[in-house]
Amino acid sequence: DPYNPTYAGQYNVKYIHDGYAHNDTLYAGHIYAGEFAIIDFSNKSSPVTISSQTTPYAFTHNTWLSADGNYLFTTDEKSNGTLAVYDIDNPTNIVLKDQIHTTPGSGSIVHNVHIKDQYAVTSWYKDGVTITDVSRPENLIQVGRYDTWPNGSGNGFFGAWGVYPYLPSGNLLVSNIDENTGSGPDTGALYILTPTYTQACFLEGTVNDFTTHLPLEGVSVEIQSSDPLNSDVTNSTGQYRTGQPSAGTFDVVFSKDGYVPQTVQASLNHGTVTSLNVNLQQVGLPVELAQFTAEALADYNLIQWETASESNTREHILEFRPHEAAEWTPLANIPAAGNSLESRRYSEEHHSPPPMCYYRLKSVDLDGSIQLSKVIVVNRLDGKELSLLELHCSSGKQLVARLFAPHTIVAR
């Protein structure tokens, strides 16, 4: 009888600032202890603590349970504190899955979170109200935000103090704790907002070393879009998870000190996980040349080369030098791949070449640095006479020498 409640019991082990009750279980926020506790209230006169967990910023303000009861959401009411989510399916083995801050590094303070279907609706003081897609607890993606405090972000207990998302209309009730800027009396305000709940577009994958195939930690992954919070850094197993509310095709930049940056396109769709795995190559020579050959054909020389990888390359300059010349002459300028970890093939024809010709490849980096290949030669007169010489011996006899391929002399 809610109009005539009767006393059943109490829990007084630690101060509880806020909590969420579901059936006979209380999920208590011990704000000063910096933790939440899962408490069994089956016996109202003697509740039992099942387990407890310290939250990321150790100032656990409130808790809220997911619709399926497998995850618990918490807020740390502290400067730069986060909205965090825990897997509590096994209460004796609680696992932090992810955490999010709406304006990282600003110092703003999160307050209360409520779960509505697959979304977390959160009041965030000076940063207003946020909506986060929590359908993938290991990858929280902010899909909406309305700032009810237009006087800037940062530390301080001004702005959105509470939000209620359960009206039949779907509207949000948002209470601002203070509307002034410090020069007048405290004046709160009530905002009524009509939200649009948008499913997130998820991007997840792994990054490995191109040569060793081992996972790379600390790789920055950034979606090239104006949406906020759409980047991540790979963990110790090379995994990353990110996303954004906007669908479409976007460039994704992968970068890490000591490695060649790589840009890959990804198609993102609402409510869908796009998998994108990448291999990064360590910074080294601009070009890893796998093959460089030349051969004499009917009336031209065919020069071919293959690169296993290219890093910041601008162009390939193919140069030649006749046997009797000392200087190299450009034969062709071919645009390079820029950055590529895939095999690239190139070819060039040298028409009306000299009888004996040397070739080399000059690869030019974006910063103007140059890498030279080995020198190769094509001898179109192999096995053919080059010239006929008459030599005279001191005895007066004639010596005739025919000169064939280089370094081959047949005399009679």
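Exactly one of these conditions fails for I334: (1) crowded, with 17+ Cβ neighbours inside 10 Å; (2) under 25 Å from D367 (Cα atoms); (3) touching a His at 6+ places or on another chain (Cβ under 7 Å). Give me its number.
(1)
Just to be sure, is G162 farther than 25 Å from F36 by Cβ and part of a strand (DSSP E or B)? Full working, then the answer.
Working: farther than 25 Å from F36 by Cβ: no; part of a strand (DSSP E or B): yes.
In short, no.
Taking region 199-223, which residues are closer than 14 Å to S267 by Cα, outside any loop (DSSP other than H, G, I, E, B), touching a residue at least 60 places away in the same chain (Cβ under 8 Å) and among the aliphatic types (A, V, I, L, M)?
L203
Taking T181 as meeting all but one of (1) at pLDDT 95 or above; (2) assigned to a loop (DSSP other than H, G, I, E, B); (3) surrounded by fewer than 17 Cβ atoms within 10 Å (Cβ to Cβ); (4) of a type outside the set (K, R), write down the number of the exception.
Against the list (1) at pLDDT 95 or above; (2) assigned to a loop (DSSP other than H, G, I, E, B); (3) surrounded by fewer than 17 Cβ atoms within 10 Å (Cβ to Cβ); (4) of a type outside the set (K, R), T181 comes up short only on (1).
Could you list, ordered by first residue, the pairs with Cβ atoms under 9 Å in which the first is in region 257-273 and on the phi > 0 side of the Ramachandran plot and the second is modelled with pLDDT of 95 or more, at least 6 apart or interchain?
Final answer for the pair search is G271/D133; G271/S135; G271/Q199; G271/A200; G271/C201; G271/F202.
Those residues that are under 16 Å from the mean Cα position of the chain (by Cα), in a strand (DSSP E or B) and either of a type in the set (D, E, K, R) or more than 21 Å from V134 (Cβ to Cβ) (or both), I need them from region 234-250; list them, please.
R241, T249, F250 - these are the residues of region 234-250 that are under 16 Å from the mean Cα position of the chain (by Cα), in a strand (DSSP E or B) and either of a type in the set (D, E, K, R) or more than 21 Å from V134 (Cβ to Cβ) (or both).
Any residue at all in region 295-302 that is surrounded by fewer than 19 Cβ atoms within 10 Å (Cβ to Cβ), out of contact with any Asp or Glu (no Cβ under 9 Å at 6 or more places or on another chain) and assigned by TED's automatic domain parsing to the domain that holds V207?
Within region 295-302, the first condition is being surrounded by fewer than 19 Cβ atoms within 10 Å (Cβ to Cβ), and the residues that meet it are 295-300, 302.
Restricting the remaining residues to those that are out of contact with any Asp or Glu (no Cβ under 9 Å at 6 or more places or on another chain) gives 295, 298-299.
Those left that are additionally assigned by TED's automatic domain parsing to the domain that holds V207: none.
So far as region 295-302 goes, no, none of its residues is surrounded by fewer than 19 Cβ atoms within 10 Å (Cβ to Cβ), out of contact with any Asp or Glu (no Cβ under 9 Å at 6 or more places or on another chain) and assigned by TED's automatic domain parsing to the domain that holds V207.
One line per residue, one yes/no per condition, for (1) part of a loop (DSSP other than H, G, I, E, B); (2) farther than 16 Å from Q199 by Cβ; (3) among the hydroxyl-bearing types (S, T, Y); (4) over 26 Å from the mean Cα position of the chain (by Cα):
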{"site": "G107", "(1), (2), (3), (4)": "yes, yes, no, no"}
{"site": "H111", "(1), (2), (3), (4)": "yes, yes, no, yes"}
{"site": "I115", "(1), (2), (3), (4)": "no, no, no, yes"}
{"site": "A120", "(1), (2), (3), (4)": "no, no, no, no"}
{"site": "T130", "(1), (2), (3), (4)": "no, no, yes, no"}
{"site": "R136", "(1), (2), (3), (4)": "yes, no, no, no"}
{"site": "T148", "(1), (2), (3), (4)": "yes, yes, yes, yes"}
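Go over the candidates S267, S347 one by one and state the one that is part of a strand (DSSP E or B) and in the same structural domain as H213 (by TED's automatic domain parsing). Spell out the reasoning first.
Details: S347 fails: in the same structural domain as H213 (by TED's automatic domain parsing).
Going through S267, S347 in turn, the sole match is S267.
Output the residues belonging to region 275-288 that are crowded, with 16+ Cβ neighbours inside 10 Å and modelled with pLDDT of 95 or more.
Passing the criteria: L276, V278.
Kindly indicate which of N333, N279 is within 22 Å of T206 (Cα to Cα) and either in contact with a Leu (Cβ under 9 Å, 6 or more places away or on another chain) or part of a loop (DSSP other than H, G, I, E, B) (or both). Spell out how you get there, then give the answer.
Working: N333 fails: within 22 Å of T206 (Cα to Cα).
The unique qualifying residue is N279.
Take A67 and decide whether it is under 27 Å from I131 (Cβ atoms) and modelled with pLDDT under 95.
Details: under 27 Å from I131 (Cβ atoms): yes; modelled with pLDDT under 95: yes.
The answer is yes for A67.
Inside region 1-100, counting only strands (runs of 3 or more DSSP E) that do not spill past its ends, which hold 3 or more residues that are crowded, with 20+ Cβ neighbours inside 10 Å and without any contact (Cβ under 8 Å) to a residue 60 or more places away in the chain?
Filter on region 1-100 gives 25-30, 35-40, 60-65, 71-76, 83-87.
If I141 satisfies every condition in (1) aliphatic (A, V, I, L, M); (2) in contact (Cβ under 8 Å) with a residue 60 or more places away in the chain; (3) farther than 29 Å from V273 by Cβ but one, which is the exception?
(3)
Of everything in region 311-327 that's farther than 21 Å from R380 by Cβ and more than 30 Å from the chain's Cα centre (by Cα), which residue is surrounded by the most Cβ atoms within 10 Å (Cβ to Cβ)?
Only one residue tops the list, namely H316.
Would you please list the contacts, defined by Cβ atoms under 7 Å and residues six or more apart or on different chains, that run from a residue in region 226-244 that is basic (K, R) to a residue that is buried (at least 19 other Cβ atoms within 10 Å of the Cβ)?
Within 7 Å, the pairs are R241/N139; R241/E204; R241/D232.
The values are calculated or read from the model by the stated rules, or taken from the named source; none is laboratory data. What you see is a predicted model; the values in this text were computed from it and never measured. Positions of Cβ are backbone-derived with ideal geometry, glycine not excepted, and every protein chain shown enters the neighbour counts.
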